[in-house]
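Just so it is clear, none of the values below were taken in a lab; they were calculated from the coordinates. Note that the structure is predicted; figures quoted are calculated from it, not measured. Positions of Cβ are backbone-derived with ideal geometry, glycine not excepted, and every protein chain shown enters the neighbour counts.
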Amino acid sequence: MTGRPDGDGRSDGSLPPGRPGDDHAMFSALLEDSAEDLYEHAPCGYLSTTLDGLIVKINTTLLEWLGYTSGDLVGRRKFSDLLTVGGRLYHETHFAPLLRMQGEISGVALELRAADGTRLPVLVTSTVRTGTGGEPLLIRTTVFDARDRRAYETELLRARQESDRERERLKRLNATLQKTLLPPTLVDVPGLDVAAHYHVASADEVGGDFYDLFPLSAGTWGFFLGDVYGKGAAAAAVTSLARYTLRAAAVYNPDPAAVLTNLNTVLNHEYHDQDPRFCTVIFGLLTPDGDERGFTVGLASGGHPPALLLRADGRADYLPTPGGQLIGVLPDAHITTTTVRLDPGDTLLLYTDGLTEAHSASAGRRYGDEALLEFTQELAPTTAHDAVAAIRDLLDTFGTGVDDDTAVLALNVPRSTGDERK
């Protein structure tokens, strides 16, 4: 009599092919592999050595990596013999002594030399096997193939070195571009001492600060100092446009307010319909007073921090150019003007807001206008070069607290020998 199938099974009680039971049986068969087979064909290398390093057992995986047979190494070579020259030195001076002291050492990067002379980067973990009384018996070592990791680290190092080289090239390019946006030297104005300084906050980006001093007709001179919004190539383009526009406008009409009005028209027309670009500027016209050894200075400001006047008698204060609109934002900008006389011993100091907005670690806040005023009050009276040197030292005290470029321009009417005696 033929047996009936029971459920999904066959008449003989076995499960049909392709059923979950087959997978289970296959998995069970894999688990029945001998421990020796698991040792020999593990995905990592295994070897055991005596306490002096003589190899007494090594698995097939490591033998295949190195291209040796068991007879080549077991009882004949020490583990250190498989290392490169540098690896053997490290093993003797660091690895082995630490292993004896600690009983275990793990994750050490070494290189093994294969039978054909090639090098195999590996990560090594060794443990001292002890007896029931705690006495050391042998050393068991696990070896992991680190070729992929070494290739990754090599590629990572190469990419980092290339990135460093690219950054250095960018720094050189930025430095070169920055120099083109500033006058190489300031012109010599008879009867006037001039000094300037440009503090770069970051070598990775071109700043937008600028200044200049240049001759005009009829024995007058123009000067300006400004700050373009933003950084990088776009800001550098606006800086270049602003510098040359200011010089050209001053030749056409040297009146300070007219000069800034012209610049406002150019920037507003050039950038109004796309990415808005604007700047703050202070422009001045120097007119010598002849035998009186002084200058009349006409100033116009478009949203720029007010200039400081350091008098020969020790007083110092901001010049009254409050308000004023950013240059380039509106078609018709409101521009503030003032006139001041520079007598012997007087110093006019212009700066960009990178100075006052620098973070002072000692005060725990931005440096600010009041602190700068107090600083210059202690300086007065001073010379152009001494004033700029003092500001330069002040910027250095901020360290990384200066997060924006800073330009400084100082104009001083020198005292005569007779004035100094008085």
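Per-structure values
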quantity	calculated
E378 versus D393: modelled label distance in nm, points set 7 Å from Cα along the beta carbon direction	1.0
Long-range tail of P(r) for region 57-105 (Cα pairs > 11 Å, %)	72
Share of Cα-Cα pairs in region 304-422 lying beyond 20 Å, as whole percent	48
Residues with amide H under 5 Å from that of L225, placed H, sequence gap 5 or more	I282
Separation in nanometres of the label points that stand 7 Å from Cα toward Cβ, at S362 and E64	7.1
Region 132-172 versus region 353-386: alpha-carbon centroid distance in Å	49
Whole-Hz ³J(HN,Hα) from phi, Karplus 6.51 cos²θ - 1.76 cosθ + 1.60, for region 193-199, glycine and proline x	9, 10, 9, 8, 8, 10, 9
Residues with amide H under 5 Å from that of A201, placed H, sequence gap 5 or more	D405, T406
Label-point separation in nm, A114 to Y152, each point 7 Å along Cα→Cβ	2.1
